[in-house]
Amino acid sequence: SRTAGFVTKQLNGKLDATFWVTDEGQAILHELIQSAEPIAQAYENRDYARATREIMRIADGINEYVNGMEPWKVAKSEGMQSELLRICTRSLQGFHALSILLSPLLPQLTRKVARDFFGMDRDFLWEDLGTPPKAIQPYQHLMTRVDASQISQLVESSRQTLGGSSEAVTPAKTDST
């Protein structure tokens, strides 16, 4: 979300396809494909916690990149359109990759990303990791964060509906013999 607006508003939704033929672009794609191997293995072994940790490691790296490059500042600078395009292309490629890597865990969400954001006519395939996106659609929020106060309100509402008891329910004692 931090870079998509720049691409749709200032760059007509087009990403920098030429970046991926550079040495830097090729190295990023190669590293991404290498990083996906242990994730694929974790999925095969049904070790979803490990897969999720590896995916989060990649997400953290992408977030560090965006924070370090500060595209919101680059966008305000004269003559920096090509630099902004490069930063946004790299970060949105990261989002593309994360979406693919998360597809086995979040199929409905990633289906929406593939179709509504990247304009694909199908769901993601693992092989899509090596094919960077060329364009994006305008960004729409995909999920809403749940706030702790919302959960508290929901619990309180449920208590009132069930009779107003706020006592904790304790499990019955059982004889272990």
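Key figures
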{"item": "Ile100 being among the aliphatic types (A, V, I, L, M), under 18 Å from the mean Cα position of the chain (by Cα) and over 15 Å from Thr3 (Cα atoms)", "result": "yes"}
{"item": "Of the criteria (1) open to solvent by 80 Å² or more (accessible area, probe 1.4 Å); (2) within 23 Å of Leu106 (Cα to Cα); (3) not β-branched (Val, Ile, Thr), which one Lys9 fails", "result": "(2)"}
{"item": "Residue count for the range 15-32, restricted to those that are loosely packed, with under 14 Cβ neighbours inside 10 Å and not in a loop (DSSP other than H, G, I, E, B)", "result": "9"}
{"item": "Residue in the range 59-86 that is least open to solvent (accessible area, probe 1.4 Å), counting only those that are more than 15 Å from Asp16 (Cβ to Cβ) and among the acidic types (Asp, Glu)", "result": "Glu70"}
{"item": "Odd one out for Pro107 among (1) within 21 Å of Ala49 (Cα to Cα); (2) in contact with a helix residue (DSSP H, G or I) (Cβ under 9 Å, 6 or more places away or on another chain); (3) open to solvent by less than 80 Å² (accessible area, probe 1.4 Å)", "result": "(2)"}
{"item": "Hits in the range 118-142 (condition: open to solvent by less than 80 Å² (accessible area, probe 1.4 Å), within 13 Å of the chain's Cα centre (by Cα) and farther than 18 Å from Ile87 by Cα)", "result": "Leu142"}
{"item": "Looking only at the range 2-34, and only at residues there that are among the acidic types (Asp, Glu) and free of Cβ contacts under 8 Å to residues at least 60 places away in the same chain, the one that is farthest from Val74 (Cα to Cα)", "result": "Glu31"}
{"item": "Test: residue in the range 122-130 that is touching a Pro at 6+ places or on another chain (Cβ under 7 Å) and in contact (Cβ under 8 Å) with a residue 40 or more places away in the chain", "result": "no"}
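To keep it simple, each residue is scored yes or no on (1) in contact (Cβ under 8 Å) with a residue 40 or more places away in the chain; (2) of a type in the set (Gly, Ala, Ser); (3) within 18 Å of Ala135 (Cβ to Cβ).
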residue	(1), (2), (3)
Ala36	yes, yes, no
Tyr48	yes, no, no
Arg57	no, no, no
Gly68	no, yes, no
Trp72	yes, no, no
Leu84	yes, no, yes
Thr89	yes, no, yes
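The values are calculated or read from the model by the stated rules, or taken from the named source; none is laboratory data. Note that this is a predicted model, so its numbers are computed, not measured. Counting neighbours? That spans all protein chains shown, and the Cβs are built from the backbone with ideal geometry, glycine included. To get the accessible areas, we keep the full protein, side chains included, count just its heavy atoms, and leave off ligands, DNA and RNA. Shrake-Rupley method; radii C 1.70, N 1.55, O 1.52, S 1.80 Å.
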